[in-house]
């Protein structure tokens with residue numbers, strides 16, 4: 001099961017909503033030409049997408065005018081942007097991916113991860129942030145481990161999870 005921001009919305013339409021949302025926040029309005037430039041698509045593609053979003057009552061659209069999100073559109077767009085932000089931050093901060101690579105991956109992932117998976121990403125990021133030593137490191141072949149291995153009093157959870165850090169054979 002995937003976590004779609006809106007019922008029946010394709011990844012492409014979610015991307016349009018997110019672009020409109022960002023343009024409204026940055027520039028105060030979203031013009032079709034700006035949407036085309038942001039998404040690197042043709043203006044006729046934007047027109048088709050805006051008509052589809054208008055039919056779903058997610059945007060107010062009239063040819064040659066700025067586009068505005070409806071309240072339902074804003075809610076849907078905010079959810080897409082929230083998922084994107086969580087994933088991008090996780091990929092950059094936890095997995096140490098370069099910003100461009102994290103951005104591209106987050107853009108693809110935001111459309112397909114269900115709520116439970118996204119929640120786990122967020123919980124894991126919070127866990128790594130809560131380590132007082134911030135001692136998580138990627139160790140090839142073993143996953144994330146704490147380099148301090150519970151050597152400090154505040155690392156009780158790391159020390160008690162020593163067995164959990166050992167590589168296990170898949171259970172599938």
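Read the figures in this text as sums done on the coordinates, not as results from a lab. Everything numeric here is computed off the predicted structure, so don't read it as measured data. Quick reminder, even Gly has a Cβ in these numbers, built from the backbone with ideal geometry, and neighbours come from all protein chains shown.
Based on other C-beta atoms within 10 Å, arrange 92, 123 from fewest to most.
Ranked by crowding around the Cβ, least crowded first: 123, 92.
Test of understanding: ordering 91, 122 by Cβ neighbours within 10 Å, fewest first, what list do you get?
By the 10 Å Cβ count, ascending: 122, 91.
Along the Cα→Cβ direction, 7 angstrom out, place labels at residue 95 and residue 62. What is the inter-label distance in nm?
It works out to 4.5 nm between the two label points.
If neighbour count is taken as other Cβ atoms inside 10 Å, put 75, 88, 40 in order from fewest to most.
Values: 75 14, 88 20, 40 6.
Ascending Cβ contact count within 10 Å gives the list 40, 75, 88.
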